[in-house]
1. Which number in (1) touching a strand residue (DSSP E or B) at 6+ places or on another chain (Cβ under 8 Å); (2) surrounded by 20 or more Cβ atoms within 10 Å (Cβ to Cβ); (3) in a helix (DSSP H, G or I); (4) without any contact (Cβ under 8 Å) to a residue 40 or more places away in the chain marks the one condition that residue B:57 misses?
2. Hey, does the stretch A:7-17 have a residue that's modelled with pLDDT under 95, more than 10 Å from chain B (Cβ to nearest Cβ) and within 22 Å of residue B:32 (Cα to Cα)?
3. If you take the residues in the stretch A:34-50 that are free of Cβ contacts under 8 Å to residues at least 12 places away in the same chain, more than 10 Å from chain B (Cβ to nearest Cβ) and outside any loop (DSSP other than H, G, I, E, B), which one is surrounded by the fewest Cβ atoms within 10 Å (Cβ to Cβ)?
4. I'm checking my understanding of the structure. Among residues of the stretch B:86-97 that are more than 14 Å from the chain's Cα centre (by Cα) and either modelled with pLDDT of 95 or more or assigned to a helix (DSSP H, G or I) (or both), which one is surrounded by the fewest Cβ atoms within 10 Å (Cβ to Cβ)?
5. Here's a check for you: in the stretch B:36-55, which residue that is under 14 Å from the mean Cα position of the chain (by Cα) and within 14 Å of chain A (Cβ to nearest Cβ) is nearest to residue B:8 (Cα to Cα)?
6. State whether the residues of the stretch A:136-156 include one that is at pLDDT below 95, more than 24 Å from residue A:19 (Cβ to Cβ), away from chain B (no Cβ under 14 Å) and not in a loop (DSSP other than H, G, I, E, B).
7. For the stretch B:1-27, enumerate the residues that are buried (at least 20 other Cβ atoms within 10 Å of the Cβ) and more than 12 Å from chain A (Cβ to nearest Cβ).
8. Given (1) surrounded by fewer than 16 Cβ atoms within 10 Å (Cβ to Cβ); (2) free of Cβ contacts under 8 Å to residues at least 24 places away in the same chain, identify the lone condition not met by residue A:92.
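The values are calculated or read from the model by the stated rules, or taken from the named source; none is laboratory data. What you see is a predicted model; the values in this text were computed from it and never measured. Reconstructed Cβ throughout: ideal geometry from the backbone, glycine too, with neighbour counts over all protein chains shown.
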């Protein structure tokens, strides 16, 4: 049986949800989400340090989606709409959890998995060196992505990037990424 | 040469490049999805300025947020400044960060270790 995106999304939506969205990840959507989350963090009187971390990680998470979402075949577009992605921001005990998800074609799974595993195996100093190396040596893509988003998220949160790849059909997987930001920094 | 002045938006910083005074300022948020377009005129302005720079160029960078797409473009701006500094002119980069914003301080230190221009880290205390 193929992975049920909607069931996954509704499960994520349990508990203390700050914001959730599923659908077309556009530049306008990103602006709106950032605005809403910023005002909610104000409401919560969150410390400026945590506020900034959440904001930064959210920008990178959403823009990773924006840059990497693939064109889906027509029958999938009909069901999910174009540039489909999901986002759920939850408050858990002692941490914020930012979950994102998007379809990814099978041939890209290994590269992404290896990249995340490599990032997760690195300590603070190694991540810093990796960030600086990519910053100084890799050019921006036409769309403006620079391959730095995940490294930056790992550096700023100091936590492991948790992920799963769920098989959707013969060509596509659904990639879920969970990022945690601790309250005590 | 004509000054470059750009108003800030929710996703892009305000920019004031003044060739007469030798003061270059980037302030606010830099989080556009694609930063190349935004930073292109800045790099071009510096290219022209590098022909006849003042003896001292002061650079003030005061960013509240910047994304990784911008980080590469900011490096391009700094590389232009490095080229100016390599010549006869002096360049100083003042990197502002808010109190407790260790990530922003660290980001400045990353640039400082890549770019051969003196950096001054300045904490903004409220």
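1. Every listed condition holds for residue B:57 apart from (3).
2. We begin by selecting, within the stretch A:7-17, every residue modelled with pLDDT under 95; these are A:7-17.
Okay, now just the ones that are also more than 10 Å from chain B (Cβ to nearest Cβ), so A:7-17.
Then drop every residue that is not within 22 Å of residue B:32 (Cα to Cα), which leaves none.
Looking for residues that are modelled with pLDDT under 95, more than 10 Å from chain B (Cβ to nearest Cβ) and within 22 Å of residue B:32 (Cα to Cα), one finds none in the stretch A:7-17, hence no.
3. A:43
4. So in the stretch B:86-97, the residues more than 14 Å from the chain's Cα centre (by Cα) come out as B:86-90.
Retained after the next criterion (residues that are either modelled with pLDDT of 95 or more or assigned to a helix (DSSP H, G or I) (or both)): B:86, B:90.
Numbers: B:86: 12, B:90: 16.
For the stretch B:86-97, the residue satisfying everything is B:86.
5. Among those that are under 14 Å from the mean Cα position of the chain (by Cα) and within 14 Å of chain A (Cβ to nearest Cβ), it is B:38.
6. no
7. B:13, B:15, B:17, B:24, B:26
8. Condition not satisfied by residue A:92: (2).
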